[in-house]
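These notes concern the structure reproduced below.
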Amino acid sequence: MFDCLFNLALVPTTSTDWGALVAVILSILASGLVVGYVFADKLREESKRASIGKVVVLFAVVIGSLVMIVYGAIYHYGPMVDENLQSMYNASTFTTNTIWFAYELMSLTIATAMFVVFALVFGFIGLYVGSMRKPSAKTKE
């Protein structure tokens, strides 16, 4: 939900690549803030950092799987990688489909790793800050 809103706001105002990347970062941060605020009492029951760490690692695994599925299934992702490679290098040396496949797979692996790192870092920040915003039940009394 947040990603769609941030994409609508950022992609037309910036270049497509940077706008989409900033939208992903902001959506991970906003999701972490909301989840941290909603589940702040559950996160306080055990060690806060340990429970947030468990949630963030699970979130990163889900994000990694989602990125691999979505980017692997998008039909224009492979040709986009091919276009970028052809503009950067002399593509006449890439004679087999195996070489193109290897570069596309490498690009997919780099994108997945980048999104997993974003999920770990910004998810932890969002969950921690979101859980700090809501007062605990002990302080309410």
### Task
Per residue of region 28-35, in order, report the coupling 6.51 cos²θ - 1.76 cosθ + 1.60 (Karplus, θ = phi - 60°) as ³J(HN,Hα) in whole Hz, putting x for Gly and Pro.
5, 5, 5, 5, x, 4, 5, 5
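What ranking do 121-127, 32-38, 111-117 get when scored by the average of other Cβ atoms within 10 Å per residue, highest first? Present the calculation step by step, with values, prior to reporting the outcome.
Details: 121-127: 21.4, 32-38: 18.9, 111-117: 16.0.
Going from most to least packed, we get 121-127, 32-38, 111-117.
Readers should treat all values here as calculations from the given coordinates under stated rules, not as data from a laboratory. Here the structure is a predicted model, which is why all the values come from computation and not from measurement. All Cβ positions, even for glycine, are placed from backbone atoms using ideal geometry, and neighbour counts span all protein chains on display.
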